[in-house]
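The values are calculated or read from the model by the stated rules, or taken from the named source; none is laboratory data. The shown structure was predicted, so the numbers you read here are calculated from the model rather than taken from an experiment. Virtual Cβ from ideal backbone geometry, glycine too; neighbours counted across all protein chains shown.
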Amino acid sequence: MMRTTILAALAACATLLCAPTFANAEMGGPTCSRTYTLALHEHGLLYNDTTHSGIDRDIADELIRRSGCHFAISLMSRARIWMLIHDGKLDFSLSGITNPERDQYASFAWYFADKFTLIARKDSHVRSMADFEQNPAFKLGQIPGFRYSPTINNVVDRLSSQNRVLDTDTYDALYKNLALGRIQGLIIEPFDFSDLDLYRVRALTNIAETNDVPTPHGLIMSKKSIPPQEVEKWRALVNNMRADGTMLRIFRKYFPRDQAEAMTHF
């Protein structure tokens, strides 16, 4: 079930900054004519609902501060996020990647790029995506609604056509399946590596080569609810965050400097 709250931070803001206003539009910023909706999803360092912290939460807070707009923030699954973005019932989400289907109903403002990694059980002796795909007994685990880079998507789609992809709704179930050998691998990103310790599977797994290239991630905007002229204003906010070093500072809270720079400078 969707849980929605108005960010407590809004109440602490100065009235002129937080109240819905057309002042930003007059200065070239987004038009704050209504309360916007934005959804987060739990995903490693992107967002942790127990601590109410993460990269996505920090970026959301900064977008709210800079825009001066009111936002209703919700927590929901990635699959539901994409469905509501498609229907125009959700305005924004974060850290999204595109594909031809999503381009039909969503706009994006890119702010980082990273590579997808295959984590495989050590006892599978998998050293590459090719090794994994060639063994018909191996299954891949994933969260419904997730898509990856074109290279990884091609492999995942082939595995899915062979009934070799096991969907699980929670990370707890996903990593439990890996620990119990119900799946032999899963695809993760740099912000997921801390989960290997959290779910106690690091000692069971190896990193396998994917030959992947960095995939851009960014602010997701519903084409049904955010008109093109407003999309450009939100893109400008994100681009300014990149240009003035704010995005890098956010990522440095969670990654070493060289890794944060590599992810945000692409």
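Quick notes
- Qualifying residue in the range 99-116 (condition: touching a His at 6+ places or on another chain (Cβ under 9 Å), of a type in the set (G, A, S) and under 21 Å from T170 (Cβ atoms)): no
- The set of residues in the range 225-266 being hydrophobic (A, V, I, L, M, F, W, C) and closer than 16 Å to R65 by Cβ consists of W234, A236, L237, V238, M241, M247, I250.
- Checked against (1) of a type in the set (D, E, K, R); (2) under 27 Å from Y199 (Cβ atoms); (3) surrounded by fewer than 19 Cβ atoms within 10 Å (Cβ to Cβ), R57 meets all criteria but (3).
- Of the residues making up the range 232-239, not a single one is under 30 Å from L90 (Cα atoms), in the same structural domain as L90 (by TED's automatic domain parsing) and assigned to a loop (DSSP other than H, G, I, E, B).
- Of the criteria (1) part of a helix (DSSP H, G or I); (2) under 30 Å from L84 (Cβ atoms); (3) of a type outside the set (S, T, Y), which one A203 fails: (2)
- Note on the range 243-265: residues that are over 19 Å from D61 (Cα atoms) and either among the basic types (K, R) or at pLDDT below 95 (or both) total 1.
- Residue within the range 217-231 that is assigned to a strand (DSSP E or B), under 30 Å from D131 (Cα atoms) and touching a Phe, Trp or Tyr at 6+ places or on another chain (Cβ under 8 Å) present: yes
- Just one residue in the set D169, D212, D192 is surrounded by 14 or more Cβ atoms within 10 Å (Cβ to Cβ), in a loop (DSSP other than H, G, I, E, B) and within 20 Å of the chain's Cα centre (by Cα); that residue is D212.
- Residues that are over 19 Å from A130 (Cα atoms) and of a type in the set (D, E, K, R) within the range 153-188 comprise D167, D169, D172, K176, R182, listed in sequence order.
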